[in-house]
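The values are calculated or read from the model by the stated rules, or taken from the named source; none is laboratory data. Fair warning: this is a prediction, and the values are worked out from it, not measured in the lab. FYI the Cβ positions are ideal-geometry reconstructions off the backbone, even for glycines, and counts take in every protein chain you see.
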Amino acid sequence: MTKSILRYFIVVLVITLLSTCILSTAFLSHILLERTKQDMFYSLRLMNYAIDINQPLVNQIDQLNPLAYSSQSRISIIDKEGNVLVDTDDRQVSQNHLDRQEISDALLYGEGTSSRYSVTTKTNMLYVAYYDGNYILRLSIPYNGLIDELPVLIPALSMSAIGSFIIAFLLSRRLAYKISKPIIEISESLDHMSNDFYFHLKDYDYQEFQVIVDTLHNLSHKLRKSMREVKLEQIKIDEILKQMNEGFVLLDENYKILSINQQAISLLGQMQQYDKFTDKINNPNILDALNNHISKQMIELHIDHNVYACYISIIDLGTTLLFLDITANKKAEKIRSEFFSNVSHELKTPMTSIRGYSEILSQGIVKDQQQEKEMLSKIQNEVQNMSTLINDILMLSRLESKDIKIDISQLNVKKIMNNVLESYEAEISLHHLEVSLDIEDMIFKGNDYHIFTLFSNIVGNAVKYNVDNGKIMISLHAENHAMKLTVKDTGIGIPLSDQTRVFERFYRVDKGRSRQRGGTGLGLAIVKHIVSFYQGTISLTSELNQGTEIEVIILEQ
């Protein structure tokens, strides 16, 4: 910067010196011209005193000419009519000079001057004329204006310009250094600025530099404040990304990783910030989606037996990828689909039976009253089965909708169990089953319908899937604000391969026997949901042809 300022000062200085020299030369030339005229007039007056008009004029001017202004001077005597009476020039001058500027001015004002090219001498001449009342005395010398003065002016002006230039150069260099020094100091301070934008700047006498210093201090303060805000926001974003259950990746326009959370790393593999994402990923579905350059798209990925929805969006910064685990949703969709399929199947069978019997009866084909009664009884049984199925479906729906308000009251569970056993009394007697009870007379806080349904489904399965002359052992006790129910039978048992699925909806181990005994396939699924509602546990142990034991523990509400 110092060199630039100094170079600028030198250019200004040279232009100024040149302008000064030109103006000074013109001014001095004018002064010298005026002084020359005055000296020539002075010479004319002296010569006028020395001339005797009554004596021969030629000899007189020849004698005076060497004493005139210069060795190249020329003296002329002209009468009032403009005729040249005598001239020191050897050549004959015959022209009338009345129209000459100096002659006409001398006749009018007593003195006259002019400068012009002389045809007689073939040079530029300076003329001065003096009129004494009788004749005009004229003195002329060769004169080329400024050119004649250059030999005198150049040495003086050159010495003056060189001296001025040296002095001005030294002063300019010092001034340039003084001007640039604060800027250099400010620049060096900024170069040594700390990472948090702290730097030291001293105060300056110049107001302009002080304004810069104050502005930089204000800017530093704003930058520190902005950096703190950015860091705070970054901490918030990092914490949000860390707490997210979803995987998140932010890429720049070149697919370099700007941000990635741990969930995304666990899904995609080890990678870190500033890695090239496309070099680290080996999933062709993700690579194809990135190459499509679609602003918003969603693809499904299967990773480690789970299903993820990957939402890819192109934003101003680059590209974002959000990975959502939709495994549960997919399973729920599958369960829903199977549920509706099973409901349709379960409803289709009784509906077909009802429609068949009703068509036979409506057409009057059956004439025997006993057969009509049997058909009507079968229709009623199918309607009852449908009603039971619908009630079980509604029960499941209520248990899954946890926002539905459930009435809670103090329940005598022994009484509820006795009511359940009474409902199965006929079937127990029919198959000659032996029921042994170990029931504590206790109060449990819960929903009456829930507890009755829980007991009914578990005891009902022990009755339905038992063998003739079999046994059922029921135990019911309080246990630390909880209720423990154990039901064991000596029935047909459950194969090991089916034991993990018996709590699924519409799953039956023995489909023929279930339908024969009036089962809907929803009993244990309802039991599982009731146990979940009461934050309890359920366990099942079974051995084929040996029997089954179910243990349930539920908490008071």
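Here are the numbers for this structure:
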item	result
Selection from segment 352-377 of residues that are loosely packed, with under 14 Cβ neighbours inside 10 Å, closer than 24 Å to I390 by Cα and among the hydrophobic types (A, V, I, L, M, F, W, C)	L376
Segments classed as helices (runs of 4 or more DSSP H), wholly inside segment 1-114, with at least 2 members that are modelled with pLDDT under 85 and at positive phi	none
Residues within segment 300-322 that are touching a Cys at 6+ places or on another chain (Cβ under 8 Å), more than 21 Å from L241 (Cβ to Cβ) and crowded, with 16+ Cβ neighbours inside 10 Å, tallied	0
Sole exception among (1) in contact (Cβ under 8 Å) with a residue 24 or more places away in the chain; (2) surrounded by fewer than 16 Cβ atoms within 10 Å (Cβ to Cβ); (3) not aromatic (F, W, Y) for R116, by number	(1)
Only one of A156, A161 that is at pLDDT below 80 and either assigned to a strand (DSSP E or B) or touching a Cys at 6+ places or on another chain (Cβ under 9 Å) (or both)	A161
Check on Y143, more than 60 Å from the chain's Cα centre (by Cα), over 30 Å from T20 (Cβ atoms), in the same structural domain as L23 (by TED's automatic domain parsing) and among the aromatic types (F, W, Y)	no
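Residue-wise test of (1) outside the structural domain of A106 (by TED's automatic domain parsing); (2) touching a strand residue (DSSP E or B) at 6+ places or on another chain (Cβ under 9 Å); (3) under 21 Å from M159 (Cβ atoms).
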residue: R7; (1), (2), (3): no, no, no
residue: I15; (1), (2), (3): no, no, yes
residue: S19; (1), (2), (3): no, no, yes
residue: L23; (1), (2), (3): no, no, yes
residue: H30; (1), (2), (3): no, no, no
residue: E34; (1), (2), (3): no, no, no
residue: R45; (1), (2), (3): no, yes, no
residue: I51; (1), (2), (3): no, yes, no
residue: L67; (1), (2), (3): no, no, no
